[in-house]
Amino acid sequence: MPQPQPPPPPLLPQFPRPRRGAGAQSPLRIRPPPQRPTRSKTPLILAAGVAAYGLSLYTTYLYTTLKDLPLAPSSPHLQPNHAKVYNALANEYDTNIWFSELTMGLPLLRRALARRAHGHVLEASVGTGRNAAYYDMRKCTSVTIVDSSREMLEVARAAFAAKHPASSEVRVRCVQMDAAAPLPPPPIPPTLSSEGKYDVVIQSMGICSHEDPVALLRNLGRAVKGESEGGRIILLEHGRSRFDWVNGVLDRLAWGHARRWGCWWNRDVGELVERSGLRVLEVKRYHFGTTWWVVAVPPDKGGK
């Protein structure tokens, strides 16, 4: 019996052949994005040129002005005392210096200074009380602020009252006096204190304005407890730089700065602290070395 034949394969669909001469289908043509009009760099170049020219003029003016100014001495004994200007500056002092202090980051250093205050605190050369806002009164038993200018002290009194209301348990005592003179002990019975001395003494920008900063520092050393009892003197000062070229600028501008602000900013803070006999535990310097942070303790008994 004959075998059945397999079915024929399915027919593939037939597509029409392209006509002769006809090319393959052209690919899609993507239009390029429209080109932005080229901006002229001329205004930018002109602006940069004007800025450079202005900077060169200012630099030339500054150089010619500075080179004609006399160099001021850096020794306090050769510098006239202009501290009396603070009475006239008191009401406008904060308004005039807040921006420059802000740009230099001094509020951060002031905060660090005041936050080290604890127990019985003495702030010498308090000025207008620019550190008042940063005190943590919860750590303080008493705060005594001292300044030789009555007007500056009144502004400081108001600053402490505003930041730390009268309801606070910590009493802020204001004393108008020269901080190089014998200082009052903490406002507690002597039998409860350590020889009537303070736990912490702080001072900001006081060395530059005092006529005898060495005597001032020695007196602060007499007012604070010894190192073994935790006593500390913490200073935030400005003075000579690490760099000679900066010191040259400070020396030439020192006369005018002292007459305007009562402050000789070209004093060698490190040398003055060393001469005072205080023992230095820590020194940090900022702003080309012109801002000094110093932590010190009284000299050992039998020292200076």
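Each value in this text was obtained by applying a stated rule to the coordinates, not by laboratory testing. Source: prediction; values computed, not measured. Every residue, glycine as well, gets a Cβ built from its backbone with ideal geometry; the counts of neighbours run over all protein chains shown.
Quote the charge dipole size of segment 76-297 about the Cα centre in Debye, to the nearest 20; the model charges only the Cβ of Lys and Arg (+1) and of Asp and Glu (-1).
Numbers: 28 positive and 23 negative charges, 65 e Å.
With Lys and Arg at +1 and Asp and Glu at -1, about 320 debye.
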message: Give me, ordered by chain and number, the residues 5 or more places off CYS140 or on other chains with an amide H under 5 Å from its own placed amide H.
response: GLY119
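So if each residue of separation counts as 0.36 nm, and I subtract the Cα-Cα distance between ALA48 and GLN35, what length gain in nm does that give?
Working: separation 13, 0.36 × 13 = 4.68 nm, distance 2.72 nm.
Here the segment from ALA48 to GLN35 would lengthen by 2.0 nm.
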- request: Would you calculate the separation in nanometres between label points at THR103 and ASP136, each defined as 7 Å from the Cα along the Cα-to-beta-carbon direction?
  value: 3.2
- prompt: Label-point separation (nm) for MET177 and TRP245, each offset 7 Å from Cα along Cα-to-Cβ?
  reply: 4.7
field: Neighbour net charge for ALA83 - beta-carbon separation under 15 angstrom, K R +1, D E -1
entry: 0
Percent of C-alpha pairs per 5 Å bin, segment 75-163, short to long: 3, 13, 20, 23, 19, 14, 5, 2, 0
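Can you tally the net charge around GLY289? Count Lys and Arg as +1, Asp and Glu as -1, for every other residue whose Cβ sits under 14 Å from the Cβ of GLY289. It would help to have the intermediate numbers written out before the result.
Details: positive: ARG240, ARG242, ARG267, LYS284, ARG285; negative: GLU237, ASP244, ASP268, GLU271.
Taking every other residue near GLY289 into account, the sum is +1.
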- line: Note, segment 260-271: 3J(HN,Hα) by Karplus (6.51, -1.76, 1.60, θ = phi - 60°), whole Hz, Gly/Pro = x, goes 7, 10, x, 10, 9, 7, 10, 7, 8, 4, x, 5
field: Sequence of TRP264, TRP255, TRP98 once ranked by neighbouring C-beta atoms within 10 Å, starting from the fewest
entry: TRP98, TRP255, TRP264
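Quick check on the exposure proxy: order GLU101, GLU195 from fewest to most C-beta atoms within 10 angstrom. Kindly include the intermediate steps, with their values, before the conclusion.
Details: GLU101 14, GLU195 9.
Taking fewest neighbouring Cβ atoms as first place, the list is GLU195, GLU101.
Please compute the contact order of segment 76-297 in relative form: average sequence separation of alpha-carbon pairs under 8 Å and at least six residues apart, divided by the residue count, as a percent. Can you show the working numbers first?
Working: 430 pairs, mean separation 46.6, N = 222.
Answer for segment 76-297 is 21 percent.
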message: Under the rule of at least 5 residues apart or a separate chain, name every residue whose amide H is placed under 5 Å from the amide H of GLU123.
response: THR144, ILE145, VAL146, ILE202
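Stokes-Einstein diffusion coefficient for segment 76-297 at 4 °C in a medium of 1.567 mPa s, Rh from the Kirkwood formula over Cα pairs: what value in µm²/s? Walk me through the numbers on the way to the answer.
On the way: Rh = 17.6 Å.
In µm²/s, the coefficient rounds to 74.
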- prompt: Pairs LYS197/LYS284; LYS84/LYS225; LYS84/LYS139: which are spaced more than 29 Å apart, C-alpha to C-alpha?
  reply: LYS84/LYS225; LYS84/LYS139
